[in-house]
Amino acid sequence: MASDILAAAFVTGIIVKLTDQMEDKNKKSNSMKNIPAFLGTVYGVLISYVMLKSPVVANLWMAAVLGNILAGNMDVKGHRIGIFTMLSVLAVFGFPKFESYLLLVFTVAAYFDEFLKDLGESGKIKSTIFNRIVEYRLILEATAFAVSLYTAQWILFASIFLFDLGYIIVNELTKRH
């Protein structure tokens with residue numbers, strides 16, 4: 001049933017952003033040093049669950065991971081543990097069959113999302129509007145929407161939309177505190 005995949009996608013977005021937040025706090029005080037590793041483990045299991053339950057979505061989610069790795073954004077312990085956990089679970093239960101063209105298209109989109117977000121955060125582009133837009137990483141979502149429209153596999157778009165929604169909710173709530 002798709003509802004479990006979509007619920008897992010939403011919760012994964014929340015946990016990935018919480019991992020980011022905890023890692024950022026640890027850079028300042030290291031008071032929560034084990035929490036990001038735990039969260040990474042949880043989201044690694046959730047990502048692998050989504051990928052195993054929906055081979056169609058597996059292309060998108062593996063590409064999102066690959067795009068982040070290529071952009072150099074798996075640079076903290078919590079995220080490395082998350083990816084290690086995901087790969088370990090997939091190694092035990094079997095990797096889904098990936099469609100190379102979808103994997104490539106989604107990986108390129110995910111990479112450009114991360115590249116543009118990093119460019120905006122670097123201060124090299126002074127446009128507040130540009131920086132606000134790229135903060136939401138819309139290229140992968142737009143690509144998933146286009147592929148969903150073409151293939152009628154709306155779970156692709158729904159899964160990344162709900163992941164991003166969970167991620168953005170945590171981001172917006174933690175900006176206020």
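The values are calculated or read from the model by the stated rules, or taken from the named source; none is laboratory data. A quick note: this is a predicted structure, and the numbers were derived from the prediction, not measured. Backbone-built Cβ (ideal geometry, glycine too); neighbour counts: all protein chains shown.
Just a few scattered comments:
- Cβ pairs under 7 Å, 6+ apart, first in region 69-91 and within 20 Å of Phe38 (Cβ to Cβ), second part of a helix (DSSP H, G or I) and of a type in the set (Phe, Trp, Tyr): Gly82/Tyr43
- Single match in Tyr49, Tyr43 (criterion: in a helix (DSSP H, G or I), surrounded by fewer than 20 Cβ atoms within 10 Å (Cβ to Cβ), hydroxyl-bearing (Ser, Thr, Tyr) and touching a residue at least 12 places away in the same chain (Cβ under 8 Å)): Tyr49
- All conditions but one from (1) surrounded by fewer than 19 Cβ atoms within 10 Å (Cβ to Cβ); (2) of a type outside the set (A, V, I, L, M, F, W, C); (3) at pLDDT 85 or above apply to Tyr111; the one that does not is (1).
- Matching residues, region 87-143, being within 25 Å of Val50 (Cβ to Cβ) and assigned to a loop (DSSP other than H, G, I, E, B): Gly94, Phe95, Pro96, Lys97, Phe98, Glu99, Tyr136, Arg137
- Residue within region 86-96 that is among the β-branched types (Val, Ile, Thr), under 16 Å from Thr12 (Cα atoms) and at pLDDT 95 or above present: yes
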